[in-house]
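Structure first, commentary second.
The values are calculated or read from the model by the stated rules, or taken from the named source; none is laboratory data. Predicted model only: the values in this text are computed from it and were never measured. Heads up, the Cβs are rebuilt from the backbone with ideal geometry, glycines too, and the neighbour counts pull from every protein chain shown. Just the protein is used for accessible areas: all its heavy atoms, side chains included, with ligands, DNA and RNA removed. Shrake-Rupley method; radii C 1.70, N 1.55, O 1.52, S 1.80 Å.
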Amino acid sequence: MRIGIFTDTYPPFINGVSTSIAMLENALMKMGHEVFIVTVNPEDMHYSFEKNDRIIRLPGIPIGIYDYRLTGVYPIKAISKIKEWNLDIIHSHTEFGVGTFARIMARQLDIPIVHTYHTMYEDYVHYITKGYFDATSKKVVEHLTKFYCDKTVTELIVPTKKTYDLFKEKYEYTRNIHIVPTGVEVERFYREENDMKETEKIRKSLGLKKSDFVLLFVGRLAAEKNVTFLLDNQAKLVKKNPNCKLLIIGDGPDMDSFKEQVKKLKIEDNVIFTGKVPWDEIHKYYQIPQVFVTASHTETQGLTLLEAMAASVPVIGYDDEAFRDVVVPDLNGYLFKENKDYLEYVEKTMSDKKLLERLSRQARINAESHSAKYYGEKVLDVYYTALGGSVSGGNEKKTFVSTMKSVVKKGFHGK
């Protein structure tokens, strides 16, 4: 199958969506499919072709939210190249910018379009409105999301039941919704696949001792991630446990305010900010902690949780529906709602070595069910549905979908 993936974020840009797309691309290619990428140039207003014209980068304009860029520029040369690809299906991963281009090309090429909804946009409105007209803006976001995900696509993918419920209950979406949890290339996080000497070098460079009990957070440093909660509770933890360290990996608009909070709490010796870590290095950092922690409650899915679990690191996370699909209390971690519960679970894992070992083993086992291969197979099932059905052949699903392009387009046309 010849698959066109359209996305606003793609490596070297680092975030959850970019990571999931790179992982899906690799999984599909390992299964013998041809994958082509249309994305945004992360650096300037030029467009370029990469990897034997398999990747097109369109001119991107900074929008003032982190390092994101959007495009409304669709060069004729790019359109011609996409037509040459002779795609069987398009898979969009954004509603706007490149996502709009995906819908235009699907119409022009008369092929189905599958869309994955990654972001709970209502949780990010404040970055644009700065607190003004939030209610109105959220209504606009709801309207646009429903339009882009209902009227313009053949099949819709969401990563969790939390997102499914948003569309079915709040947005009253009546068409197919496929729950496909985003996978993780779990093998690269396995302890045995990592050079622990490299990890030890990193520990020393961060000033960590072997006696330190390390809590890890990986993510964007912004208000919606609720890092303030982790810092406030870190101040409480270190009073009893001076060897407890909080390692924070990531960058974002609120990093300076978080660092200021650390100073006010006088816990500079117990909180470490690394800033951004390159994607091809991050797996080494997951070998450092005893426990992964997060207080975020705006996620569609917790990919960083899965990465930690693949590294045999149990999770203590906020009791959000997006995390309930991953964390099973007292099996591979714990879920909390109150400060006291968070503190209790951290202190339990610190004081009970056998408990920590059991949670760690189970975290690794559970992570294996979220492999990239499994994710790729589930996404392929949705592609076959969009194309009018699936065909099995031997060990691998095979179909010459170019013969099916004229079949079952009614979903795409909204009929």
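Below is a table of values for the structure above.
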quantity	calculated
Tyr334 being over 30 Å from Ile5 (Cβ atoms) and touching a His at 6+ places or on another chain (Cβ under 6 Å)	no
Some residue of the range 352-367 being polar (S, T, N, Q), at pLDDT 95 or above, in a loop (DSSP other than H, G, I, E, B) and farther than 30 Å from Thr154 by Cβ	no
Residues that are buried (at least 20 other Cβ atoms within 10 Å of the Cβ) and either free of Cβ contacts under 8 Å to residues at least 12 places away in the same chain or among the acidic types (Asp, Glu) (or both), drawn from the range 151-184	Glu155
Residue, surrounded by the fewest Cβ atoms within 10 Å (Cβ to Cβ), within the range 220-236, restricted to residues that are under 26 Å from Glu357 (Cβ atoms) and touching a residue at least 40 places away in the same chain (Cβ under 8 Å)	Lys236
Residue in the range 303-318 that is charged (D, E, K, R) and out of contact with any Phe, Trp or Tyr (no Cβ under 7 Å at 6 or more places or on another chain) present	no
Which listed residue, of Val382, Val326, is at pLDDT 95 or above and either assigned to a strand (DSSP E or B) or open to solvent by less than 30 Å² (accessible area, probe 1.4 Å) (or both)	Val382
Among the residues listed as Glu25, Glu34, Glu50, the single one being without any contact (Cβ under 8 Å) to a residue 40 or more places away in the chain and within 28 Å of Leu305 (Cα to Cα)	Glu25
Given (1) of a type outside the set (Phe, Trp, Tyr); (2) out of contact with any strand residue (DSSP E or B) (no Cβ under 9 Å at 6 or more places or on another chain); (3) at negative phi, index of the condition Asn52 fails	(3)
Filter pass, Ser205 being more than 25 Å from Ala363 (Cβ to Cβ) and of a type in the set (S, T, N, Q)	yes
Residues that are open to solvent by 60 Å² or more (accessible area, probe 1.4 Å) and touching a residue at least 24 places away in the same chain (Cβ under 8 Å), drawn from the range 196-219	Met196, Glu198, Lys209, Ser211
Strands (runs of 3 or more DSSP E) enclosed by the range 1-103 - at least 2 residues per element that are modelled with pLDDT of 95 or more and surrounded by 15 or more Cβ atoms within 10 Å (Cβ to Cβ)	2-6, 34-40, 89-92
Among (1) open to solvent by 40 Å² or more (accessible area, probe 1.4 Å); (2) of a type in the set (A, V, I, L, M, F, W, C); (3) in a helix (DSSP H, G or I); (4) more than 25 Å from Asn243 (Cα to Cα), the one test that Leu331 misses	(3)
Sole residue being open to solvent by 50 Å² or more (accessible area, probe 1.4 Å), acidic (Asp, Glu) and more than 28 Å from Gly183 (Cβ to Cβ), chosen from Glu344, Glu377, Glu368, Glu357	Glu344
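Residue-wise test of (1) more than 27 Å from Thr163 (Cβ to Cβ); (2) surrounded by fewer than 18 Cβ atoms within 10 Å (Cβ to Cβ); (3) in contact with a Leu (Cβ under 9 Å, 6 or more places away or on another chain).
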| position | (1), (2), (3) |
| --- | --- |
| Val262 | yes, no, yes |
| Leu265 | yes, yes, yes |
| Phe273 | yes, yes, yes |
| Tyr286 | no, no, yes |
| Gln301 | no, no, no |
| Val315 | no, no, yes |
